[in-house]
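The values are calculated or read from the model by the stated rules, or taken from the named source; none is laboratory data. Please read these numbers as outputs of a predicted model, since none were measured by experiment. Methodologically, a virtual Cβ is constructed for each residue, glycine included, from the backbone with ideal geometry; neighbour enumeration extends over all protein chains shown.
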């Protein structure tokens, strides 16, 4: 699972983030110091707000928020855990989670969760599934993200194409992309990169397929999954999207913001960035992903996790419960940075950006599918460009590429 | 005559001195070790210990966390049969070759800057700026220059009728495009080393040779180059070592979302990073690091052997 998209903005600011890394918040000198590692400069104010709120209830604890640049976040965490110097609390992603959980690096907070009487049903079930090990509780979800269609109203108006809505099927999406594409003006109907989270995983599940089957082996070569991939390769074949090379040089969200592509299928996490561009803001529309055989949207979320080797396991567990709790969720929602995981706190996020129809992303939870994770996910997802690029470039059929990729995934899973 | 007498003096001198020193102070005074201890401890903790850890890990199958299991040479045999490794090796070799092309460029530029009677410092600063600029900033500027659709380079090429390319999104060109950035970034350091070398060449040689009728070009090849050769040798050795270790430019220029060129343009150290830190396979990563160390040692030893043929020490 590559959440890179979501954090690319933060990564771009990594130079400045480096400067900030290590500067703590609060700093009112409690006896117990907890470090809290994150990778998003955008979310730093909200995280510090949460730290302060926790400190107000626990005067003896000093929570220090650290922002690590995205490119080195995981290597820093991994080396820190191996060298017993990891931060106490940190953000965790589903594809990294199994290695840390199985490696015994995460603090089990089941007791603290029970003591605080946390209602686990307040979190989206599909996000809880991502981090479900069956035994321990290694943290609670902080936020989640689902996918929708970000579209450029001005380009739709120019082409006389009606805006996407919840009745859209795949064919509607394709037809609209065709009508919106204007080669002379350098405008494409859609951005079709090889994008798991915002792109082809969604269409695979919309077609009734799976990436990893119920038996735990790859299922990306099934006819349904192949038709999900074809949704994207057809866009490329018909010239309705910039090529992969063009999307390598200028990432899809930038193309969208430059008015070069009319539709960008991606996550709720762009809301703050798109909203932040005041000139572009009035042009931005949101709609649900089109329906294939059924509705589906990938869902993912960050887990607030703790380091098993911490010096203060009790305080840390309390902080983790708090940081994913209702009050913390409200602080996050009001900042507009992310869609908080705690049920009933999403309204503040919607209210923070009233011009966008962000309800689409909250509604998507109902038909959401947890991002497929199995085995060494970092390894087999890393093979995706190698195997799928030929299909996107038209050098191979989607079925051929999917069959080859399927075998490669199985080989990794068999290790 | 003089050399004979100094040789005789040398032969006579040391034993007496050595005897006196040994007699006066006794064998290896403890404070001697104490005084080098800080340097030694630092070296041991920061280099020797990690090296030993890496070396032992390269013979292990390691889980993401915790101790690994001994697997002998498995990592190495897997490495030799791994097409990805050989491709990365080839990319690093190509990159190193490109950076070596930067050495003659640096020599010519250093000689030209040296000729300036005014503004020498200004030029040095200009050439040195890339060295002290953040790689992230450098990569953003170069990504814009290389951009296939809106890039400066393609625009310039279009003026002379050459079709543009997706320089850093097409694996055919990416490593070369990065090599050019590498030359540009390392030029400053090389100019400083070569500039220092140039300043140690006695100006009388130029005066004498110009009286004998030698032109600028002839002076460059007959005086500057031979006398500069120790500096050139140093620059070459450093260039090869740092080029084989190149990681950052691939990381910052190609690791954007879904870059189509990344798969075929990884260097050895990038592959090491990916195996050890992205895929949690530290044992395999360690084996890559050890092989790279061996390659660098061989390359450097080879250069020291070859220097006898072309480096001129006076």
Selection status of residue A:128, within 14 Å of chain B (Cβ to nearest Cβ) and either free of Cβ contacts under 8 Å to residues at least 12 places away in the same chain or under 29 Å from residue A:364 (Cα atoms) (or both): no
Single residue of B:307, B:282 found to be farther than 27 Å from residue A:253 by Cα and more than 14 Å from every other protein chain (Cβ to nearest Cβ): B:307
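Anything in segment B:78-96 that is free of Cβ contacts under 8 Å to residues at least 12 places away in the same chain and part of a helix (DSSP H, G or I)? List them, or say none.
Here is the first cut: in segment B:78-96, the ones free of Cβ contacts under 8 Å to residues at least 12 places away in the same chain are B:80-83, B:86, B:90, B:93.
Once the filter is applied, which keeps residues that are free of Cβ contacts under 8 Å to residues at least 12 places away in the same chain and part of a helix (DSSP H, G or I), segment B:78-96 yields B:80, B:83, B:86, B:90, B:93.
For segment B:60-77, enumerate the residues that are in contact with a helix residue (DSSP H, G or I) (Cβ under 7 Å, 6 or more places away or on another chain) and touching a residue at least 40 places away in the same chain (Cβ under 8 Å). Reasoning before the result, please.
Start the filter on segment B:60-77 by keeping residues that are in contact with a helix residue (DSSP H, G or I) (Cβ under 7 Å, 6 or more places away or on another chain), which leaves B:60-62, B:64-65, B:68, B:75-76.
Matches in segment B:60-77: B:60, B:61, B:62, B:64, B:68, B:75, B:76.
Can you tell me which residue among B:276, B:299 is part of a helix (DSSP H, G or I) and free of Cβ contacts under 8 Å to residues at least 24 places away in the same chain? Write out each step before concluding.
Numbers: B:299 fails: free of Cβ contacts under 8 Å to residues at least 24 places away in the same chain.
Exactly one of B:276, B:299 is part of a helix (DSSP H, G or I) and free of Cβ contacts under 8 Å to residues at least 24 places away in the same chain, namely B:276.
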Any hit, segment A:145-157, residues being modelled with pLDDT under 95 and at positive phi: no
Any hit, segment A:306-317, residues being modelled with pLDDT of 90 or more, surrounded by fewer than 20 Cβ atoms within 10 Å (Cβ to Cβ), farther than 30 Å from residue A:226 by Cα and within 14 Å of chain B (Cβ to nearest Cβ): yes
Among the residues listed as A:178, A:105, the single one being surrounded by 14 or more Cβ atoms within 10 Å (Cβ to Cβ), farther than 30 Å from residue A:238 by Cβ and in contact (Cβ under 8 Å) with a residue 24 or more places away in the chain: A:105
Within segment B:134-156, considering residues that are more than 9 Å from chain A (Cβ to nearest Cβ) and touching a residue at least 24 places away in the same chain (Cβ under 8 Å), the one farthest from residue A:258 (Cα to Cα): B:135
Within segment A:92-125, tally of residues that are away from every other protein chain (no Cβ under 13 Å) and over 22 Å from the mean Cα position of the chain (by Cα): 13
Qualifying residue in segment B:245-252 (condition: crowded, with 16+ Cβ neighbours inside 10 Å, within 9 Å of chain A (Cβ to nearest Cβ) and within 27 Å of residue B:184 (Cβ to Cβ)): yes
Any hit, segment B:194-205, residues being without any contact (Cβ under 8 Å) to a residue 40 or more places away in the chain, surrounded by 16 or more Cβ atoms within 10 Å (Cβ to Cβ) and more than 26 Å from residue B:239 (Cα to Cα): no
Helices (runs of 4 or more DSSP H) (entirely within segment A:41-112) containing at least 3 residues that are at pLDDT below 90: A:70-82, A:97-102
Subset of segment A:215-249 (residues that are part of a loop (DSSP other than H, G, I, E, B), crowded, with 23+ Cβ neighbours inside 10 Å and within 14 Å of chain B (Cβ to nearest Cβ)): A:241, A:242
Hey, residue A:411 without any contact (Cβ under 8 Å) to a residue 24 or more places away in the chain and over 28 Å from residue A:90 (Cα atoms) or not: yes
Selection status of residue B:179, within 14 Å of chain A (Cβ to nearest Cβ) and touching a helix residue (DSSP H, G or I) at 6+ places or on another chain (Cβ under 8 Å): no
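Taking the criterion of being farther than 19 Å from residue A:383 by Cα and part of a helix (DSSP H, G or I), would at least one residue in segment B:261-273 satisfy it? Reasoning before the result, please.
The initial filter retains those residues of segment B:261-273 that are farther than 19 Å from residue A:383 by Cα, namely none.
Among the residues of segment B:261-273, not one is farther than 19 Å from residue A:383 by Cα and part of a helix (DSSP H, G or I), which makes the answer no.
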Set A:205, A:264: member being within 21 Å of residue A:147 (Cα to Cα), within 14 Å of chain B (Cβ to nearest Cβ) and in contact with a strand residue (DSSP E or B) (Cβ under 6 Å, 6 or more places away or on another chain): A:264
Considering residues of segment A:72-91 that are over 17 Å from residue A:44 (Cβ atoms) and buried (at least 21 other Cβ atoms within 10 Å of the Cβ) only, the residue farthest from the other protein chains (Cβ to nearest Cβ): A:88
